[in-house]
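The numbers here are math on the coordinates, done by the rules we state, and not lab data. For clarity, every value in this text was computed on a predicted model and none was experimentally measured. Here Cβ is always computed from backbone atoms with ideal geometry, including for glycine, and neighbour counts include all displayed protein chains.
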Amino acid sequence: MRSLLHVLTVLAVIGLAFWAYRENYRTQEALAEAERLQRGIAEARQRLRMLNAEWAYLNRPDRLMDLVELNYDRLGLMPLEPYQFGRVDQVPYPAAAALVITDPVEVSNTEQRP
């Protein structure tokens, strides 16, 4: 009986060692994956900062004004005038459609008397 207990204990220790070995490698893989994702996020943020800087550079007012002057005839752009703007109350909104009930259903709990 004692030898069976020793064998079971040794098997349990071997099983736990195998489990700890596998968990260690899974943890290392998860940490490596998290580090790779963090690196990817940092690269994406850096690219976003670069794109924002390029967008700000391309949208400089003096550059846009030069482009407008170069392409004025081809684009047919006209300067904005105050009369081109309107008020919200001048916008013609469509009228709300009336809801027509064709087959009414009685939903009250009182009895109808003829």
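Remarks
- FRET efficiency for the Asn71 to Val91 pair, using the beta carbon distance and R₀ = 30 Å, is estimated at 0.45.
- Lys/Arg +1, Asp/Glu -1 at C-beta; the chain dipole; positive extreme among Tyr25, Val7, Thr102: Val7
- Stretch gain in nm, segment Val13-Leu51, where the contour uses 0.36 nm per residue and the Cα spacing is subtracted: 8.0 nm
- Anisotropy class of the chain from Cα gyration tensor, a/c 1.5 cut: oblate
- Report summary: the helix-based calculation at 222 nm, which adds -39500 (n - 2.57) for every DSSP H run with n ≥ 4 and divides by the residues of the chain, gives -22000 deg cm²/dmol.
- Subtracting the Cα-Cα distance of Leu4 and Ala42 from their residue separation scaled by 0.36 nm leaves 8.0 nm.
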